[in-house]
Amino acid sequence: MLEVRDVHKAFDGFQAVAGVSLALARGEIAAIIGPNGAGKTTLFNLVTGHLRPDAGAVFLAGREITGLPPHRVCRLGLGRSFQRTNIFPRLTVFQNVQAAFLSHRGRGLDLLSHVEHLYRDETEALLASLGLLERAGELGAFLSHGAQKQLELGIALASEPKLLLLDEPTAGMSATETHETIRLISRIARERGLTLLFTEHDMDVVFSIAQRITVLHQGRVIAEGVPAAVRGDPEVRRVYLGERR
Amino acid sequence: MSARARVPWGLLGVLAALSVPFLGSRYYTFVATDVAILALFAVSLNLLLGYTGLVSFGHAAYFGVGAYTTGLLMKKAGVPFVLAFPAAGVLAGLLALVFGFFCVRLTKIYFAMLTLAFAQIVWAICFKWNDLTGGEQGMPEIPYPDLAWLERLPLVGELRTSDHFYLLTVVLVALCFWLLRRVVGSPFGRILTTIRENPERAEFIGVHVRRWELLAFVLAGAFAGLAGGLFGIFNRGVFPDFIYWTKSSEVLIMAILGGMGYFYGPAVGALVLLVLNQQITSYTEYWPFVLGSILIVLLFAFPGGLVGALDAGRRRLLRLGRA
């Protein structure tokens, strides 16, 4: 589903990502972990087209997407959520998700239809599955942080992605919110047969849902494998887990 | 969407506007024509300002080019109004396509500065090109459209030519408002608001942000051009200061004063600004001082503009009524 082949990215001489490769099979749930500054978000931005790699290539479902602009990458079936919550604050919850449906289904240049009722059923069904339906009429800006993160997930899902990239989906959440969000994400991933790649600080979250873990350190992959193997890896314990436990 | 009967405000507004020549003097018709045309100009700007989140400092370029287009075609080529009027929209829209192509590559203040720069170039051309535009002297004596058939109608037939032109203006402006309303209520209009709210996220629901911005720019320019086409006739002449940057700032003030978060906000802004201008200049020569004071108060007290303030007041009344 996703293949990243030896990508490099430097900022003003600082090597943020120095030759990372990884591959994800369809339906797989994988996590990228690593200390702050390990290059996780940069790697995401290289995949989604927000940054262009200095070297290397990215393939989505067998098709090369290296250096394509984000709107093209999105249309090819890649959804993402951002580390800092990224919604449309002065649109209602309903409109936030509906806009993603409009764009994804190619109605964005439709100047003649009335927008109000377009994709109402799809939008409401998606909001219901996220537990946001009762708040459909509220402005996105007025939701709690946790609810905004869920709304952002809804926006990403409305593009009906094959691959979903979540950058710290539980950042800034309380323990309860984190727990609920993780249950929600794994349920949706299972129901939709999504391939999921996420970064996360909370190790409990990572080890509870990831089937495979890639550990980044200083822009390089230092370990990769199933959770149990990564947990036992001495190098990982030294640079990362050891520091935090 | 409540079930309560909707008041047809648009229709009432048009009817009220149409009644002006029958109730008032020539002076009222004059002011009302000015208001109707500039309301269209301000609402066209708001497609960029309020809906797409783009601040254009050069919207007068398209207004002015529309005015010159209609004026030149009618005066020098004898083209009838039915062709010369849409031509203003087409030419202004094409110009917006060319300028917009470059402008949407920039963001925020850089976008604003480039729109201003392009507008000043257009102004300089119109100011200097004596053979075509009449240069600094402008182009006086634009003919009225041929509305002789109105004179054969009962009631309307007794009115003056300027009243007839006013009625035509009201109908055309109302038609443009209807079209623009459709645009902002369409899926395209909704996508524009996602760009206003968060261009980065909009890009990642699959929106090619620059392309949508360019289309909004072209539409806004085309409708400004139509307003300009009417204004040249109303003003009985087209002059380079239609394009000067002060005209661009005037229309920005109208939109902000009226409330750029509302479709008709800028139209209300045009009405209030022009009527205040007429009234206050007859009492004092310090009109800019009064305007400045009003704007300061509004910006701090009612950031949503006049319509925003009215809307907030209405909601408070509703809440009180329910309690």
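The values are calculated or read from the model by the stated rules, or taken from the named source; none is laboratory data. These numbers were taken from a predicted model, which means no experiment stands behind them. As a convention, Cβ positions derive from the backbone with ideal geometry for all residues, glycine included, and neighbour counts pool all protein chains shown.
The table below gives the values:
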item	result
Which listed residue, of B:ALA84, B:ALA88, is under 27 Å from B:TYR262 (Cβ atoms), buried (at least 21 other Cβ atoms within 10 Å of the Cβ), touching a residue at least 24 places away in the same chain (Cβ under 8 Å) and not acidic (Asp, Glu)	B:ALA88
Number of positions in region B:279-291 that are assigned to a helix (DSSP H, G or I) and either among the acidic types (Asp, Glu) or at pLDDT below 85 (or both)	7
All positions within region A:27-59 that are away from every other protein chain (no Cβ under 14 Å), crowded, with 19+ Cβ neighbours inside 10 Å and not in a loop (DSSP other than H, G, I, E, B)	A:ILE29, A:ALA30, A:ALA31, A:ILE32, A:ILE33, A:LYS40, A:THR42, A:LEU43, A:LEU46, A:VAL58
Residue in region A:133-140 that is within 11 Å of chain B (Cβ to nearest Cβ), of a type outside the set (Asp, Glu), touching a Pro at 6+ places or on another chain (Cβ under 8 Å) and not in a helix (DSSP H, G or I) present	yes
Count of region A:63-93 residues which are assigned to a loop (DSSP other than H, G, I, E, B) and aliphatic (A, V, I, L, M)	5
Number of the condition not met by B:ASN198 [criteria: (1) under 25 Å from B:ALA220 (Cβ atoms); (2) of a type outside the set (Asp, Glu); (3) in contact (Cβ under 8 Å) with a residue 12 or more places away in the chain]	(3)
Scan of region A:106-120 for residues that are crowded, with 16+ Cβ neighbours inside 10 Å, within 7 Å of another protein chain (Cβ to nearest Cβ) and not hydrophobic (A, V, I, L, M, F, W, C), ordered by number	A:ARG107, A:GLY108, A:ASP110
Scope region A:143-179; condition within 14 Å of chain B (Cβ to nearest Cβ) and in a helix (DSSP H, G or I); matching residues	A:GLN148, A:LYS149, A:LEU151, A:GLU152, A:LEU153, A:GLY154, A:ILE155, A:ALA156, A:LEU157, A:ALA158
Test result for A:VAL47, touching a strand residue (DSSP E or B) at 6+ places or on another chain (Cβ under 9 Å), assigned by TED's automatic domain parsing to the domain that holds A:HIS117 and under 25 Å from A:ILE182 (Cβ atoms)	no
Criterion: surrounded by fewer than 18 Cβ atoms within 10 Å (Cβ to Cβ), at positive phi and out of contact with any Asp or Glu (no Cβ under 9 Å at 6 or more places or on another chain) - qualifying residue of B:GLY78, B:GLY13	B:GLY78
Looking only at region B:175-210, and only at residues there that are basic (Lys, Arg) and out of contact with any Gly (no Cβ under 9 Å at 6 or more places or on another chain), the one that is farthest from the other protein chains (Cβ to nearest Cβ)	B:ARG210
Number of the condition not met by A:SER103 [criteria: (1) within 21 Å of A:THR48 (Cβ to Cβ); (2) in contact with a Phe, Trp or Tyr (Cβ under 6 Å, 6 or more places away or on another chain); (3) facing chain B (nearest Cβ under 9 Å)]	(2)
Selection status of A:THR123, surrounded by fewer than 22 Cβ atoms within 10 Å (Cβ to Cβ), within 14 Å of chain B (Cβ to nearest Cβ), in contact (Cβ under 8 Å) with a residue 12 or more places away in the chain and among the hydroxyl-bearing types (Ser, Thr, Tyr)	no
Region A:66-100, residues that are more than 7 Å from chain B (Cβ to nearest Cβ), small (Gly, Ala, Ser) and buried (at least 23 other Cβ atoms within 10 Å of the Cβ)	A:GLY79, A:SER81
Qualifying residue in region B:138-153 (condition: farther than 23 Å from B:THR69 by Cα, assigned to a helix (DSSP H, G or I) and among the basic types (Lys, Arg))	yes
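Yes/no per residue for (1) over 19 Å from B:HIS59 (Cα atoms); (2) within 14 Å of chain A (Cβ to nearest Cβ); (3) over 14 Å from the mean Cα position of the chain (by Cα):
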site: B:ILE233; (1), (2), (3): yes, no, yes
site: B:GLY237; (1), (2), (3): yes, no, yes
site: B:THR246; (1), (2), (3): no, no, yes
site: B:VAL251; (1), (2), (3): no, no, no
site: B:TYR264; (1), (2), (3): no, no, no
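Listed here are the residues, each with its yes/no results for (1) within 20 Å of B:SER44 (Cα to Cα); (2) part of a helix (DSSP H, G or I).
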{"position": "B:ALA67", "(1), (2)": "yes, yes"}
{"position": "B:GLY71", "(1), (2)": "no, yes"}
{"position": "B:MET74", "(1), (2)": "no, yes"}
{"position": "B:VAL79", "(1), (2)": "no, no"}
{"position": "B:LEU83", "(1), (2)": "no, yes"}
{"position": "B:ALA88", "(1), (2)": "yes, yes"}
{"position": "B:GLY93", "(1), (2)": "yes, yes"}
{"position": "B:PHE99", "(1), (2)": "yes, yes"}
{"position": "B:PHE111", "(1), (2)": "yes, yes"}
